[in-house]
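The values are calculated or read from the model by the stated rules, or taken from the named source; none is laboratory data. Model, not experiment: these values are computed from the prediction. Cβ placement follows ideal geometry from the backbone for every residue including glycine, while neighbour counts extend to all protein chains displayed.
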Amino acid sequence: MAKRAYPTRRLVCAGLLVAALGVCFTTAVVAASAELPPLLQPAGTEHHVGKVIWLDLVTPDLSAAKKFYGGLFGWTFHDIRLGAAEYSVAYLDGRAVGGLFHKAVAASEHRQPAWLTFIAVPDVDAAKQTAVAQGAKILAEPHTYPARGRQAVFSDPQGAVFAVLASASGDPPDYLAQPGEWIWSSLIAKDPGADAAFYQALFGYEVFESANTDGSEHLILATDDFARASANELPDSAPHHRPHWLNFVRVLDTDAMTYRVGQLGGRVLVEPRVDRHGGKIAVVADPSGAPFGLLEWSDTQTKEVTP
Amino acid sequence: MSPVLRRSLAGLMAVAIVLVLEACVAGPGYEGGVVEASYGADFYEPYGYDYGGWGPGYRVGPPRGGEGHPDHHPGGHAPPYRAAAPSRGMPSIPTRSRGH
């Protein structure tokens, strides 16, 4: 009897070893496929602290999002497996303009798809310390993706969600965005002044005051002698709405693009209107409800400030 | 094969399995761990955006650059941030085209 048991034990042990190797192999495959691409190819050497350098959309319907943004801006997509998840990098003229991440939402859940704003920092861990000291909450701890860089996600003291990223391939140079590229970012906050102080501590922004004609607070946040973002007051009629970052894509014709949004299954949240720079803006939502802006910007009548 | 030798071999095999699994977890990567199977920014924001309240004077867009800006905080009190010096002109967004 005992002699028959030994082969059985050996078989069990061998089975365990094979299973362990299988787990190891599977993990290695997942790890190898979970690589996020660099922001710049080839890598650059510029770094622009406080600049919005990347955006990731979290959406419950990746194929619908790709169809929408591809149809609207001519973006093309490269799919990447992040373990069991799907992630797609959007490109315009060969340049990466953002990422689209699929995450299912249960029908009973009331969740807000959104574009997550990544702002450049030289040191994510130092940024984390500063952010927390200034009242931010950590939503995702610092993590390194070798090609992309090190990143973390926070909510600011008023609840607006944003990310910081130390890009491993450098930050995109300061060129005028082409139509179809992100051109501007606005922080919509309950108290823009307090939030400007928070982001100034984090990114070293120069803060310029620029009151709106309706009396609401409108601040310009700048680094490297370039305007990087604005901090705006939540409208009086929306006192209970959530602070958030809103990002704008440059377009040639806001009216036409707003109409196109409707054709592609999106919604118009703010109808086209003339803004302080003289061009038209609009705020729209993609088919899953993620909001973003459209911004007309002509190349003329612009003055860059030199130090 | 003696019982002692069999037990030793079984023990060695168990140790080997543990080492293999540990190697998988530690991996050759960074921070002593593998790349996360999930993405760290894969969460939805709290629900509650509304854009219905933008009055006609509400502005969010970038400046053209070179404009002046007030040398005092609206309301007269000191702002919670360090305001740019009044002598500093309002900057624009980058306007240099690629290839120039």
Odd one out for A:GLY193 among (1) out of contact with any Leu (no Cβ under 8 Å at 6 or more places or on another chain); (2) facing chain B (nearest Cβ under 8 Å); (3) assigned to a helix (DSSP H, G or I): (1)
Of the numbered conditions (1) facing another protein chain (nearest Cβ under 10 Å); (2) surrounded by fewer than 24 Cβ atoms within 10 Å (Cβ to Cβ), A:PRO179 fails exactly one; give the number of that condition. (1)
Taking the options A:SER186, A:SER167, name whichever one is modelled with pLDDT of 95 or more, within 9 Å of chain B (Cβ to nearest Cβ) and within 30 Å of A:ASP93 (Cα to Cα). A:SER186
Residue set A:VAL58, A:VAL23; condition touching a strand residue (DSSP E or B) at 6+ places or on another chain (Cβ under 9 Å), of a type in the set (Val, Ile, Thr) and modelled with pLDDT under 95; output residue A:VAL58
Out of the residues in the range A:235-255 that are touching an Asp or Glu at 6+ places or on another chain (Cβ under 6 Å) and farther than 14 Å from A:PRO179 by Cα, state the one that is modelled with the highest pLDDT. A:HIS241
Quick one: what pairs do we get from the range A:204-224, first residue more than 7 Å from every other protein chain (Cβ to nearest Cβ) and assigned to a strand (DSSP E or B), second of a type in the set (Lys, Arg) and buried (at least 18 other Cβ atoms within 10 Å of the Cβ), C-beta under 6 Å, 6+ apart or different chains? A:LEU221/A:ARG228
